[in-house]
Amino acid sequence: MERVLGDRKAVLVLLGPAMLVYTLVMMIPVLVSLGYSLFDGNAITGFSYVGVDNLTRLWGDEQVHQSLVFTIKYALVLTTTQVALGYGLALLYVFVLKRASSLIRTLLFFPIVLPTVAVALMFQKFFEIAPNTGPVNEMLLALGSEPMDFFGSGMSAFWVIILMDLWRSAGFYAVLLYTGLVDIPEDVMESARMEGASTFQMIRHIIIPLSMPVLLSSLIFSINGTLKVFDSIVALTNGGPGTETAPLTLYMFRTSFSYGDYGYGASIALLLTILSLLFTIFVFRSARRDVTEA
Amino acid sequence: MRSFVTQLPARLLVAIMFVAVVYPLVWMFFGSLKTQEEFLNNSAWSLPQEWVWSNYASAWTDGNLATYVRNSVITVFPALAVIVLAGTAAGFALEVMVWKGRNTVLLMFLLGIMVPAQMILLPLFTAYFEIGITGTLWPLFITYCAIGLPLTVFMMATYFRAVPREIFEAAVLDGASIYKAFFLVGFPMVRNAVVTVALVQFFFIWNDLLIALTFTSSDDLRTIQAGLLNFTGEFGQTQYGPLFAAICINVFGTLALYLFLNQKVMKGMAGGAVKG
């Protein structure tokens, strides 16, 4: 038995292909990318060593500041709203609609499987002002107010992006959190109700603490995804107006592939990786503290 | 009666959500049947005057959508096969088999879930350029395989953990080789999980834009998402009808697949998120 389940050659055969692809196409590139951040240039022109110049350049780059602020703002706003909205929906499914929730659950879930690019283009046309007046602006006109150029200012473009992402993902987070809520034992709820707990107290003291693990997973999953946002913003605003809605990912993409500056692009990618790690650790630690307090 | 009244706010809320999800899609579908003049002159709320199905034909051929779909199909499905087969085998080797260092290897795959794709794009671009495969679909295929592996390995390992070890031990005692234990016992036992994981990965890869934009230089190589993004440019001025038709093909194609597989997709994607 030991001999068969511990067969080294078999481990190699079964694990080998995945390991080989993973090592060659992910691990080594990550290390090489780290190395790139110490160089200037690209694959075609060749590289020259510049040491920590790229990193000091990151520090003083206005565009990096803007993208960093945008990325963090976007991640915080979207993570909070989509998990909160998803949680609200999950509560609605479990405690109000109960069995009748299956249809609306399915319906609200499906936007997450739709291609981001298609959804983004749809929202772009939905909020368009010219040459074709989209439904939103038609409605503003009908209500007697001026049509609005939603993509003309960074602020309104930001909120259209958030709205689109909520449209896409709220139902997904609802299902995710729903699976955590239905696992709460019925008798725990029942006894709390018998003790005379109000709905608010139930939520505060029973439901939230008991669904903490799945809430935590959602937060980590969400923050990781939102910090790496690329597809939806590229297709919706392409970072515009100007670069006001350009996240770090887009700035990295442009620096690398439009300007051919691999070294600096790799430095921005590194910044992004560190950011993701920091946020994940932060969410993890603060949630841990919460659990021990409760 | 009383229950109807207390349920009223909830029902209203559900109705609003229903409209919020469905209306944009209906609007887009009607848009795909309008002429350019209708877009520019009529209200966005109006129905199409005549149903211009030719928008679909022009999106498919003039808009090159046929090429984009073909490119997507011939990169995504082979990549999916590799991801699922290699990922399941790796999950089996990491969870069922006993050897030193397997936890370290599992942790390494776990790290891969966290690392943003941006960290690997530049070295890969250089490597593909040096091997001389930049003008083909190979870079896309190779990158998709790698990107999908960490989550798949991790999820499959978790599923194998739920299978009682005695089953494999019994198989081995009965004289099965390790490969038989994997292909004839292990793989069938996690068959449902394999389908789930394949679905999650399919939606990730099929909807990808970042990798598709990075590694496709010419129009002939574009995947459906990259092609759709550049769709406006094809005609100079935005041709609304064909553009909407192209979006519709993309959206309703995915929707049909989703409806077909709905329960599995929901479980799989939610499960994948918790485990990831």
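When only C-alpha pairs under 8 Å and at least 6 residues apart count, what is the relative contact order of chain B, in percent?
Here the relative contact order equals 31 percent.
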Less than 17 Å from a label point 7 Å out along the Cα-to-Cβ axis of B:Lys100: which backbone N atoms in segment B:171-202 qualify, by residue?
none
Compactness summary of segment A:76-185: radius of gyration and Dmax from Cα atoms, Å, are 16.7, 56
Who wins for biggest fluctuation among B:Lys34, B:Lys180, B:Lys264 in a Gaussian network model of chain B, springs between alpha carbons below 10 Å?
B:Lys180
Where a ≥ b ≥ c are root eigenvalues of the Cα gyration tensor, a/c under 1.5 meaning rounded, otherwise prolate if a/b exceeds b/c and oblate otherwise, segment B:5-88 counts as oblate
How would A:Ser286, B:Ser177, A:Ser232 line up from fewest to most surrounding beta-carbon atoms within 10 angstrom?
A:Ser286, B:Ser177, A:Ser232
All aspartates and glutamates inside 20 Å of A:Lys98 as judged from Cα atoms, apart from same-chain residues fewer than 8 positions distant:
A:Asp183, A:Glu186, A:Asp187, A:Glu190
In straight Cα distance, which aspartates and glutamates are under 19 Å from A:Lys9, not counting same-chain residues fewer than 8 positions off?
B:Glu95, B:Glu169
For chain B, what class follows from the C-alpha gyration tensor (a ≥ b ≥ c being the square roots of its eigenvalues): rounded when a/c is under 1.5, otherwise prolate if a/b is larger than b/c, else oblate?
oblate
Take B:Phe252, A:Phe70 and order them by how many other Cβ atoms sit within 10 Å, fewest up front.
B:Phe252, A:Phe70
The residues B:Glu38, A:Glu195, sorted from fewest to most surrounding Cβ atoms within 10 Å, come out as A:Glu195, B:Glu38
Approximate spin-label separation B:Ser46-A:Met202, in nm, with each point projected 7 Å along Cα-to-Cβ
5.2
Given a Förster radius of 41 Å and the C-beta distance between A:Thr56 and B:Ser217 as r, what FRET efficiency does 1/(1 + (r/R0)^6) yield to the nearest 0.05?
0.80
Hz values of 3J(HN,Hα) by residue in segment A:94-100 - Karplus curve (6.51, -1.76, 1.60), Gly and Pro given as x:
6, 9, 10, 7, 6, 5, 6
I need the calculated FRET efficiency for the pair A:Ile274 and B:Lys267, taking r as the beta carbon distance and R₀ as 22 Å, to the nearest 0.05.
0.05
If you fit an axis through the alpha-carbon atoms of helix B:65-95 and take the longest principal axis of the Cα set of chain B, what angle between them do you get, 0 to 90°, nearest 10?
20
Excluding residues fewer than 8 positions from B:Lys34 in its own chain, the lysines with Cα under 20 Å of it are A:Lys125
Under the Karplus relation 6.51 cos²θ - 1.76 cosθ + 1.60, θ = phi - 60°, what is the ordered set of whole-Hz ³J(HN,Hα) values for segment A:276-283, x standing for Gly and Pro?
4, 4, 4, 5, 4, 4, 4, 4
Percent of all alpha-carbon pairs of chain A at distances over 27 Å, whole number, is 58
Which angle between 0 and 90 degrees, to the nearest 10, do you get for helix B:138-162 versus the longest principal axis of chain B when only C-alpha atoms count?
60
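Where a number appears in this text, it was derived from the coordinates with a stated rule and is not lab data. Keep in mind it's a predicted model, so treat the numbers as computed, not measured. Neighbour counts are summed over all protein chains in view; Cβ atoms, including those assigned to glycine, are modelled from backbone coordinates with ideal geometry.
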